[in-house]
Structures are given as structure tokens and as C-alpha cells.
Amino acid sequence: MTRRRQIYEGKAKILYEGPEPGTLIQYFKDDATAFNAQKKGIINGKGVINNRISEHVFTLLAGIGIPTHFIKRLNMREQLVRQVEIVPIEVVVRNVVAGSLSKRLGIEEGTPLGRTILEYYYKDDALGDPMITDEHIACFGWASQEEMHEISDMAIRINDFMSGLFAAIGIRLVDFKLEFGRVWDNDYPRIILADEISPDGCRLWDMTSGEKLDKDRFRRDLGGEVEAYQEVARRLGLLPEEAEHEVLDLETHRKKRGK
Ligand code: TMP
């Protein structure tokens, strides 16, 4: 690998300096964490699959007019993205009760929500990403009111689009997390979608069997993580059945050769 400057290392991705100013290379690792990194593991080939799934979803979202940081996929684990000033808020969109919402309010997982719920969490690992409201965001200046309007509008449009995308392949989009960033165009700040969209940050349930096809398989020790991620990619048409083993085998082969 050519030497290049690492800008940031997160739990599932690394950001490197890009080839041009204002760009970064986003590298997808196989590392998986849960519960604020108290649980750690590796999901073999996850980075390759998430890179493809995120590319696909971001490209489709751009097609419906959602501005995103994605520029192009560079190779199996890397994509070229626009550098953004990350808004320190994790936006969670929920359609069905699951996870922390179920725990917090004592409502059974799987209960459909009469309306979509948006939640905000302050992006701070040391604090365990505490839940916050618009009031905290405004008070501490993490985003302006105008930016929060843009963010919530986009989150709802993304949810509408993705719910349809997954429903069409027999998957229920239960909930998911989004991150946004700020870019400066002629001295004006603009909000764009950043980070990734993959089974790491979405709950995806098979519509007929209810089977979990996302990171809950890892969080809850259910096993079959790789197969679940591959199944999502396959249904999205990203891994033709015959090729799916080849993709991962090819990478293993390359690693063995030290490339
Ligand atoms: P939660 O039920 O644990 O709050 O998670 C809601 C959704 O957000 C779920 O699809 C997983 C995703 N998520 C992340 O991507 N990163 C996180 O740090 C957390 C807490 C949730």
C-alpha cells in the first residue's frame, strides 16, 4: 500500500488524506464493535461488503437529490469522499420499536410505530453518545436551526426512499443511523450526508421470517454475521450468487501475496 497520511481512525473505518484538497479516502475495516466498543470483534469481509452497499445506497440517494460526500469507489475497501466538517450528531430514524427504544420505554421489539421517530445523539465516545434534543443542539451550537431543518428533512426523505428500496427486496427497515457534515461552497455552509449506510448502522429484518440481517447478529451473539451482510448485498443485486465467494476469495488471495 502506498504511504499516506491518516486523518482519523474510527471503530469501523479509517480516513486518509485524499488525492486532492477537500477529498478523503474512506477505508472500511472488518472490525466490529458494539455497546460503545465494550464488545469487539471481526466480521470477515464486512468492510468489502459495507463499501459496496454504502456506495450503492449513496449513489441512489444522490439520484433523488440528496447531497452526499460520496464521490466514487476506489477499490474493494476504499471510496473517495468529500472532506466535511462533521456535525457531531448521530441521527437515528425509527420505524419499528427495537434496541435502545425498546429498553428505554419497555415496549416490545417489533411494535410498529404510528409515525417515524427521529432521535439525536451527541457523538462523543467518552460520554457513550448520550441522547440529546434540538434544545441542546441549539444551546451548544452543534448545528444551526436552519441546518437542523435540512438534516431532519433529509433524514425523512432518506427513510422514505430506503424503506421502499428494502421493502422491494423483502427487508423491513426497522431503524438506522445517519451522520451529516458541513461543506463550504463560496463561504456558505451546506449540509451533506456523510459516513456510511450499511448493515452496521441499520436494523434490517427479513419480512417473512423476521430474521435479523444486520449488526444485531454480532451485538446479540446470534452468529452468521457474514452471511447476513452478504444476503443484504445479494438482494440489492451487488453480489451475484456465483461471484460472492470469489470476491472474498480474491481478497484473501491478494492478502496472501502481501498486496
Ligand atoms: P439503538 O436502538 O441502539 O439506539 O440503535 C438504533 C439504530 O442506530 C440501529 O440501527 C443501530 C444504529 N446505531 C449506530 O449505527 N451506531 C450507534 O452507535 C448506535 C447506538 C446505534
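May I ask you to list pairs of residues, at least six apart or on different chains, whose Cβ atoms are under 9 Å apart, with the first in the stretch 176-205 being surrounded by 18 or more Cβ atoms within 10 Å (Cβ to Cβ) and the second being hydroxyl-bearing (Ser, Thr, Tyr) and in a strand (DSSP E or B)?
So the pair list comes out as 177/121; 192/68; 193/68; 194/68.
Can you tell me which residue in the stretch 155-192 is farthest from the ligand (Cβ to nearest atom), limited to those that are among the hydrophobic types (A, V, I, L, M, F, W, C) and under 19 Å from residue 143 (Cα atoms)?
184
Is it the case that residue 216 is in contact (Cβ under 8 Å) with a residue 12 or more places away in the chain, open to solvent by less than 30 Å² (accessible area, probe 1.4 Å) and acidic (Asp, Glu)?
When the stated conditions are applied, residue 216 passes them.
Of all residues in the stretch 37-82 being in contact with a Ser or Thr (Cβ under 6 Å, 6 or more places away or on another chain) and not hydrophobic (A, V, I, L, M, F, W, C), which is most open to solvent (accessible area, probe 1.4 Å)?
So the residue we want is 40.
Please go through the stretch 83-121 and pick out each residue that is over 22 Å from residue 134 (Cα atoms) and either open to solvent by 30 Å² or more (accessible area, probe 1.4 Å) or at pLDDT below 95 (or both).
The answer is 83, 103, 106, 107, 108, 109, 111, 112.
Find the residue count for the stretch 24-36, including only residues that are open to solvent by less than 30 Å² (accessible area, probe 1.4 Å) and within 11 Å of the ligand (Cβ to nearest atom).
Here the count works out to 2.
Filter the stretch 94-125 down to the residues that are assigned to a strand (DSSP E or B) and within 8 Å of the ligand (Cβ to nearest atom), then identify the one that is nearest to residue 149 (Cα to Cα).
Result: 119.
Just to be sure I understand the filter: pairs with C-beta atoms under 7 Å, separated by 6 or more residues or on different chains, first member in the stretch 142-161 and modelled with pLDDT of 95 or more, second member open to solvent by 10 Å² or more (accessible area, probe 1.4 Å) and part of a helix (DSSP H, G or I). Which pairs pass?
Between residues of the stretch 142-161 that are modelled with pLDDT of 95 or more and residues that are open to solvent by 10 Å² or more (accessible area, probe 1.4 Å) and part of a helix (DSSP H, G or I), the close pairs are 145/138; 148/134.
Being touching a Phe, Trp or Tyr at 6+ places or on another chain (Cβ under 8 Å), surrounded by 12 or more Cβ atoms within 10 Å (Cβ to Cβ), without any contact (Cβ under 8 Å) to a residue 24 or more places away in the chain and of a type outside the set (Val, Ile, Thr) is the requirement here; does residue 134 meet it?
Spelling it out, residue 134 is indeed touching a Phe, Trp or Tyr at 6+ places or on another chain (Cβ under 8 Å), surrounded by 12 or more Cβ atoms within 10 Å (Cβ to Cβ), without any contact (Cβ under 8 Å) to a residue 24 or more places away in the chain and of a type outside the set (Val, Ile, Thr).
The values are calculated or read from the model by the stated rules, or taken from the named source; none is laboratory data. Fair warning: this is a prediction, and the values are worked out from it, not measured in the lab. Please note: Cβ atoms are built from the backbone with ideal geometry, for glycine as well, and neighbour counts cover all protein chains shown. Side chains are part of the model used for accessible areas, which takes the heavy atoms of the whole protein and leaves out ligands, DNA and RNA. Shrake-Rupley method; radii C 1.70, N 1.55, O 1.52, S 1.80 Å.
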